[in-house]
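The structure appears below as structure tokens.
The values are calculated or read from the model by the stated rules, or taken from the named source; none is laboratory data. Since the model is a prediction, treat every value here as computed from it, not as a measurement. Note that we place each Cβ from the backbone using ideal geometry, even for glycine, and neighbour counts take in every protein chain shown. In case anyone asks, the SASA skips ligands and DNA or RNA and just uses the protein heavy atoms, side chains included. Shrake-Rupley method; radii C 1.70, N 1.55, O 1.52, S 1.80 Å.
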Amino acid sequence: MNNGTEKTQPVRLLVLEDDTGLQSFLQTLLDSQGYQSLIHAQGKQGFALLKEHSFDLILLDLGLADMDGIQWLQQLRSWSEVPVIVISARGKELDKVQALDSGANDYVTKPFSSAELLARIRATLRQQQKTASPLAFANIKLDPVQRLVTKAGEPVHLTKTEYDILLLLVRHLGSALTHNQILQQVWGEHYQDRPEYIRVHMAQLRQKLEDTPSAPKHLKTEAGVGYRLCE
């Protein structure tokens with residue numbers, strides 16, 4: 001129960017839409033519901049923002065200014081599971097099937113009502129909360145919905161990259177992940193053969209999570225291969 005001191009983090013939305021009129025409408029609508037939203041017209045900018053910020057949901061137009069929305073969605077799904085609702089004027093059944101098969105969580109056809117879009121957003125967020133149950137190992141717990149990490153019940157502050165690496169390792173608990181697997185999932189598909197990108201963040205994770213960072217029990221190095229998370 002909220003005791004009056006706990007603050008709930010606002011839901012963060014990334015909106016990729018190139019119609020300026022609809023951009024303004026969506027900004028006003030989402031602001032009125034207490035959502036925090038960033039709106040841009042270009043897919044490449046969207047990817048850049050996803051590397052810098054955490055979002056709870058993406059609203060995606062298929063006709064972006066710089067690339068096709070289906071291609072953008074397929075690229076996103078190669079490294080991220082963030083929920084996506086497609087909002088598009090393409091109303092044919094084939095378009096909807098293609099978007100859903102490419103990883104969209106829902107599809108709203110333009111023109112749409114404010115009530116319908118907000119209902120779809122709420123439903124998608126509810127479903128995400130049901131499927132994103134807390135994850136844990138040893139005395140470390142992760143909440144994928146709030147992106148919170150605790151150690152022995154105490155909060156641990158992680159950067160976005162540190163959190164993404166840890167979440168990936170937790171979801172593959174006990175399995176060795178190669179450097180390139182981690183690079184592609186956390187930094188993107190164009191990153192290869194740069195283990196130094198990971199090394200610094202792993203050192204920070206050990207400092208924050210291991211009882212003895214110089215002799216880690218959980219965040220193990222697989223020599224010449226990558227890393228493994230152990231119980």
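Between Arg12 and Thr221, what FRET efficiency follows from the Cβ-Cβ distance if R0 is 35 Å, with the result rounded to 0.05?
Using R0 = 35 Å, I get an efficiency of 0.55.
Treating only the Cα positions of the range 105-231 as identical point scatterers, give the base-10 log of I(q)/I(0) from the Debye formula at each q in 0.10, 0.11 Å⁻¹.
-0.40, -0.48
Where the centroid of each part is defined by its Cα atoms, how far is the range 146-216 from the range 64-87 in Å?
25
Can you list the HN-Hα couplings for the range 107-119, worked out from phi with the Karplus curve (6.51, -1.76, 1.60; θ = phi - 60°), rounded to whole Hz and with x for Gly and Pro?
With coefficients 6.51, -1.76 and 1.60, one gets 9, 10, 8, 6, x, 10, 8, 4, 4, 5, 4, 5, 5 Hz.
Please give the per residue volume of the convex hull enclosing the alpha carbon atoms of the chain, rounded to a whole number of Å³.
Looking at the chain, the number lands at 135 Å³ per residue.
Between Gln181 and Lys51, what's the calculated FRET efficiency when r is the beta-carbon distance and R0 is 22 Å? Round to 0.05.
Calculated transfer efficiency: 0.80.
Using only alpha carbon pairs under 8 Å that are at least six residues apart, calculate the relative contact order of the chain and give it in whole percent.
Here the relative contact order equals 13 percent.
Under a crude label model (7 Å from the Cα following the beta-carbon direction), how far is Asp101 from Glu81 in nanometres?
Each label point lies 7 Å from its Cα, and together they span 2.3 nm.
Hey, which lysines would be in cross-link range of Lys160, C-alpha to C-alpha under 21 Å, not counting anything within fewer than 8 residues on its own chain?
Straight-distance partners of Lys160: Lys7, Lys44, Lys51, Lys141, Lys151, Lys208, Lys220.
Which is farthest toward the positive dipole end of the chain among Ala104, Ile85, Ser175, measuring Cα position about the Cα centre, with Cβ charges +1 (Lys, Arg) and -1 (Asp, Glu)?
Value computed over the given set: Ser175.
Taking only the alpha-carbon positions of the range 1-121 and ignoring solvent, what does the Debye formula give for the base-10 log of I(q)/I(0) at q = 0.10, 0.17 Å⁻¹?
Rounded to two decimals, the profile gives -0.30, -0.82.
Ignoring ligands, DNA and RNA, what percent of the accessible area of the chain is carbon or sulfur (1.4 Å)?
49
If one puts a single equal scatterer on every Cα of the range 39-90 and applies the Debye formula without solvent, what log₁₀ I(q)/I(0) results at q = 0.20, 0.27 Å⁻¹?
Here the Debye-derived log intensity ratios amount to -0.64, -1.25.
Could you list the chymotrypsin sites (Phe, Trp or Tyr not before Pro) in the range 76-127 that lie in coil according to DSSP, counting only those with at most 15 other Cβ atoms within 10 Å of their Cβ?
Phe112
Write down the accessible area per residue of the chain in Å², having rolled a 1.4 Å probe over the full set of protein chains.
Here the residues of the chain average 53 Å² of exposed surface.
Report the trypsin sites (Lys or Arg not before Pro) located in the range 89-156 that are in a DSSP loop and have at most 13 other Cβ atoms inside 10 Å of their Cβ, or state none.
Answer in residue order: Lys92.
Out of every Cα pair in the range 26-65, what percent are spaced more than 13 Å from each other?
When every Cα pair of the range 26-65 is considered, 56 percent fall beyond 13 Å.
Among bridges DSSP assigns within the chain, what percent are antiparallel (round to 5)?
Around 50 percent of the beta bridges assigned by DSSP in the chain are antiparallel ones.
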